[in-house]
Amino acid sequence: MLQIISLLLENKPGALMRVTGLLTQRGYNIESLTVARTLDPELSRMTIVVDVDASQRQQVIKQANKLINVLQATDLTETPAVVRELVLVRIKMPQETRTTVLKEAEIFGGRVVDSSTEGFAIEVTGDPEKLDEFVDVMRSYGEIDVTRSGALAIALDSKKLRLQPPVLTSAGQASRPVPSETA
Amino acid sequence: MSTLMSGARMLLECLAREGVDCIFGYPGGVTLPFYDVLYDHHIRHVLVRHEENAAFAAQGYARVTGKVGVCCATSGPGATNLTTGLVDALLDSIPIVAITGQVPTKLIGSDAFQEADTFGITRSCTKHNFLVKRLEDLGAAVHEAFYIAASGRPGPVLVDITKDVLQGQGHYQPVTSIHLPGYKVFTEGHTGQIRRAAQLIQESERPLVYSGGGIIAAGASAELREFVERNDLPTVNTLMGLGGLPSEHPNFISMPGMHGSYAANMAFSNCDLIVALGVRFDDRVTGRLAAFAPHAKVIHVDIDPAEIGKIRNPDVPIVGDVKRVLAKLNKLTSEEKPAPNEKLTAARRAWWHQIRQWKLEHPLQVSTSDTEIKPQHLMSEIDRLSGGRAIVTSDVGQHQMWAAQLIRFGEPRLWVNSGGLGSMGFGLPAAIGAQFARPDKLVFSLVGDGGFQMSIPELGTVASNGLPIKIIIMNNGYLGMVRQWQTLFYNNRLSAVELDNFPDAEKLAAAYGFKGKTIDKPWELASALEEAVREPGPYLLNVKVTPFENVYPMVPAGGAINEMVLGPPQPAAVPAK
């Protein structure tokens with residue numbers, strides 16, 4: 001089933017690769033992935049929708065939390081959350097259906113972002129299923145091109161973020177907790 | 001205070017501050033600046049004959065000391081050759097740091113000479129990795145690498161450094177703090193859960209301690225010993241946990257699993273409580289999961305939260321350092337003595353009686369023959385000479401299993417083997433690392449004729465450094481474990497498993513300048529091994545053993561752990577499971 005994972009991670013080269021690698025090495029298909037920096041430019045927020053066997057969902061979250069660059073991984077699949085996606089549709093249709101297309105777009109809360117004699121470019125945001133319907137409707141009026149952003153999600157309850165404090169070292173030397181036991 | 005120095009010097013400075021005294025490596029084009037500063041530095045560099053063996057040697061060093069092992073390789077093929085050793089360390093949770101050179105930053109992505117995407121390739125081979133493209137990032141990356149490798153669940157960390165960083169000049173600021181906000185290390189263990197665990201242990205009629213590599217990694221064998229003695233608990237040590245509780249300890253049963261003892265596996269199948277300490281319920285231990293320890297509640301202690309519930313859902317999960325958790329458990333059980341309970345005492349006594357009974361019914365057999373050397377005979381002779389005190393590194397296969405069954409280990413960090421990945425060619429380079437780390441110890445490198453032929457080049461390293469390693473080849477002329485499976489499960493169609501043309505061991509050793517010998521008579525065995533041990537330098541002893549011996553007991557793959565094949569099919573019945 002589809003799992004929605006929200007990740008807070010360090011905005012560093014390779015961080016994305018670690019997350020996607022974690023999923024691909026287990027043979028999971030990523031349905032969508034969005035990532036952008038947060039208010040703190042050193043951090044990124046990532047939303048992943050991935051097809052994971054239900055029994056493995058918790059393990060995926062634990063493995064993601066193990067990644068050094070990941071500050072927090074949360075499963076939003078069954079927790080209260082808002083999921084939104086943006087779609088951009090370019091539609092070419094005959095002159096006589098222009099008004100109808102506009103009305104249809106309005107029903108979905110769409111906004112025309114470009115208009116030409118050939119047709120429109122329309123943006124719509126909404127939950128992914130609603131966007132599916134919108135795309136189906138547009139297809140019935142003409143020739144379309146579609147780009148979707150992938151899902152973005154935010155939890156409705158805030159989850160406490162526990163960050164690890166810096167570890168002091170005496171110039172590197174004490175940074176190594178060596179097990180005391182050597183025979 | 002900061003000093004102007006090259007990146008290569010800075011790297012060396014960082015390594016020295018981390019207490020590194022020995023690096024196993026192989027130089028190349030982009031690591032030249034590093035090898036130049038290494039030339040007159042006190043850190044010892046050991047030139048191996050293949051990068052894979054540098055990683056194995058670093059592991060050998062780490063496994064016998066608990067300190068971080070260090071290996072080094074150049075870009076491209078040097079780095080890709082390290083990968084097997086890195087994955088091996090990852091699966092066995094061994095702390096090593098690998099330093100690799102990378103082509104100059106400007107050339108990255110241009111298919112430059114000896115360029116490989118080391119950072120990408122080793123993502124899944126390591127606990128964490130770094131690509132250093134700016135000199136100012138170097139110090140932090142190296143110190144963070146050591147910290148990550150050694151803390152929490154230990155593992156391999158790779159630092160890939162571009163040539164321009166090694167060549168650049170900069171000011172070195174000693175790193176005084178490591179800031180990894182997302183790196184969570186759980187050490188303490190939940191007090192409430194520990195209390196619940198203590199209660200379950202006290203109430204259990206048929207408890208079993210399942211102790212693994214985590215006990216060794218945490219340095220918790222003293223706490224383990226106190227724990228099993230205080231509660232008089234029967235204990236099994238996994239392949240990775242051998243030596244965690246001394247083999248001679250009265251509470252020790254033996255190793256469980258696919259080639260574990262009858263008693264250990266029966267104990268799993270009949271216990272009512274498993275106290276799992278630093279283990280991961282590996283498939284080679286559990287057999288068919290649905291049939292594994294069906295009556296048991298589980299207390300699972302591990303420092304890695306992802307291990308809890310990964311394979312088996314525990315009744316009491318405890319995320320923490322097993323050393324600290326056991327110390328707390330010991331404190332709890334010493335403070336709170338349960339009221340005497342006759343029924344429970346009787347049940348415990350019956351449980352112990354049953355376990356001893358299983359041990360007597362089907363002990364691990366040391367079979368001998370008058371005409372041929374049996375592999376088990378070889379192991380028991382090594383065991384006699386070691387007396388539980390020598391370091392034994394093993395390769396992978398039949399000899400590894402017989403060694404694990406029959407050689408005793410009196411303390412942790414003596415038994416060195418590739419458990420999780422099962423990398424052939426591990427035994428000899430691991431012994432090299434172990435002998436460098438413990439020059440005071442007798443080191444047996446116990447290898448099969450297959451694995452040995454993967455690491456023959458390292459005889460050069462052994463010879464160059466005069467390492468007094470006793471290389472014992474259990475030579476059955478076959479890839480024995482694969483042959484065993486072909487015999488048992490593929491109608492004895494022996495496909496690509498016969499190793500003929502094994503070199504003359506005496507001549508081979510002589511070519512490298514040390515002593516060697518081949519024996520095949522059982523009456524020669526004891527004296528030949530003694531001679532090898534007496535020899536002040538390296539020794540290569542090729543022991544030709546009977547070729548078609550199978551390792552028993554055996555739980556066929558996918559079988560339940562209590563459905564063991566205890567001996568050769570009689571007469572020709574092959575287990576159907």
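Exposure proxy for B:H259, B:H300: other Cβ atoms within 10 Å of each Cβ, ordered fewest to most, give B:H259, B:H300. Backbone amide hydrogens, once placed in the peptide plane, bring B:L442 within less than 5 Å of B:I391, excluding anything fewer than 5 places away on its chain.
Legend: calculated FRET efficiency, A:L168 to B:R195, from the Cβ-Cβ distance at R0 = 35 Å, rounded to 0.05, equals 0.65.
Between amide H atoms placed 1.01 Å from N, distances below 5 Å from B:H45 occur with B:I23, all of them 5 or more places distant or on a separate chain.
In terms of its Cα atoms, chain B spans 74, 60, 41 Å along the principal axes, sorted from long to short. In segment B:486-527, one over the average inverse separation of all distinct C-alpha pairs is 13.2 Å, which is the Kirkwood hydrodynamic radius.
By the Kirkwood approach, averaging reciprocal distances over each pair of separate Cα atoms, segment B:351-475 gets a hydrodynamic radius of 15.3 Å. DSSP assigns beta bridges within the protein assembly as shown; of those with both partners inside it, close to 45 percent run antiparallel. Averaged over peptide A:59-72, the number of partner chain Cβ atoms lying within 10 Å of each residue's Cβ comes to 5. In order along segment B:25-34, the phi-based Karplus estimate (6.51 cos²θ - 1.76 cosθ + 1.60, θ = phi - 60°) of 3J(HN,Hα) comes to x, 8, x, x, x, 7, 9, 3, x, 5 Hz; Gly and Pro are listed as x.
Between A:R26 and B:S527, the modelled label-to-label distance comes to 6.0 nm, taking each label 7 Å out from Cα in the direction of the beta carbon.
As a rough footprinting exposure proxy, the listed residues B:T100, B:T371 were ranked by other beta carbons within 10 Å of their own, and the order from fewest upward is B:T371, B:T100.
Say R0 is 25 Å: what FRET efficiency, to the nearest 0.05, do A:E78 and A:D145 get from their beta-carbon distance? For R0 = 25 Å, the calculated efficiency reads 0.15.
Taking every lysine pair in chain A that is 8 or more places apart or spans two chains, those with Cα atoms closer than 19 Å amount to 7. Using all pairs of distinct alpha-carbon atoms, the Kirkwood hydrodynamic radius of the protein assembly as shown works out to 28.5 angstrom.
When B:C14, B:C22 are arranged by Cβ crowding within 10 Å, least crowded first, meaning fewest neighbours, the order is B:C22, B:C14.
Shown is the FRET efficiency for A:A155 and B:I108, computed with R0 = 41 Å from the Cβ-Cβ distance and rounded to the nearest 0.05: 0.60. With the charge dipole of segment A:82-148 set up from +1 on Lys and Arg Cβ and -1 on Asp and Glu Cβ about the Cα centre, the Cα lying farthest toward the positive end among the listed residues A:L86, A:L102, A:G126 is that of A:L102.
More than 22 angstrom separation, counting every C-alpha pair in segment B:402-503; what % is that? Tail of the P(r) past 22 Å holds 37 percent of the pairs.
Values of log10 I(q)/I(0) for segment A:82-148 across q = 0.15, 0.18, 0.21, 0.23 Å⁻¹ run -0.39, -0.56, -0.76, -0.91, by the Debye formula with one identical scatterer at each alpha carbon and no solvent. Taking 0.36 nm per residue of separation and subtracting the current Cα-Cα distance, fully stretching the chain between B:A346 and B:A510 would add 52.8 nm. Rounded to whole numbers, the Karplus 3J(HN,Hα) couplings from phi for segment B:116-126 are 9, 7, 4, 4, x, 4, 8, 3, 8, 9, 10 Hz, using 6.51 cos²θ - 1.76 cosθ + 1.60 with θ = phi - 60°, and x at Gly and Pro. Compute the separation of the alpha-carbon centres of segment B:239-302 and segment B:531-556 and state it in Å as a whole number. Their Cα centres are 27 Å away from one another. A full extension of the chain between B:R389 and B:T176 corresponds to an added length of 72.8 nm, given 0.36 nm per residue minus the alpha carbon distance.
Considering only B:L135, B:T187, B:H171, the residue lying farthest towards the positive end of the dipole of segment B:125-190 is B:T187, judged by Cα position with unit charges set on Cβ.
Each peptide in B:39-52, A:27-40 receives the mean, over its residues, of other Cβ atoms within 10 Å, and ordering these scores from highest gives B:39-52, A:27-40.
Of the residues A:L76, A:L156, A:L43, the one that moves most in a GNM of chain A with alpha-carbon contacts below 10 Å is A:L156. Stretching B:Q453 away from B:N465 to a fully extended chain increases their span by 2.3 nm, per 0.36 nm per residue minus the current alpha-carbon distance. The modelled label-to-label distance for the pair A:M1/B:S369, using points 7 Å beyond Cα in the direction of Cβ, is 5.9 nm. Across all Cα pairs in chain A, the calculated P(r) in 5 Å bins from zero up to the longest distance comes to 1, 7, 14, 15, 13, 11, 10, 10, 8, 4, 2, 2, 2, 1, 1, 0, 0, 0 percent per bin. Relative to the Cα centre, the charge distribution of the protein assembly as shown, modelled as +1 at Lys and Arg Cβ and -1 at Asp and Glu Cβ, gives a dipole magnitude of about 1420 debye. Distance between the 7 Å Cα→Cβ label points at B:I43 and B:R534: 4.2 nm. A cut-off of 5 Å between modelled amide H atoms, ignoring neighbours fewer than 5 places along the same chain, links B:T122 with no other residue.
The loop-placed trypsin sites (Lys or Arg not before Pro) in segment B:455-527, going by DSSP, that have at most 13 neighbouring Cβ atoms within 10 Å of their Cβ come out as B:R493.
What is the distance in Å between the Cα centroid of segment B:28-81 and that of segment B:418-461? Answer, in whole Å: 16.
Take every pair of alpha-carbon atoms less than 8 Å apart whose residues are at least six positions apart; their mean separation over the length of chain B yields a relative contact order of 14 percent.
Annotation for segment B:112-207: trypsin sites (Lys or Arg not before Pro) lying in DSSP loop with at most 15 further Cβ atoms inside 10 Å of their Cβ are B:R134.
Coordinate-derived values only; no laboratory data. Everything quoted here is computed from the prediction, not taken from an experiment. Please note: Cβ atoms are built from the backbone with ideal geometry, for glycine as well, and neighbour counts cover all protein chains shown.
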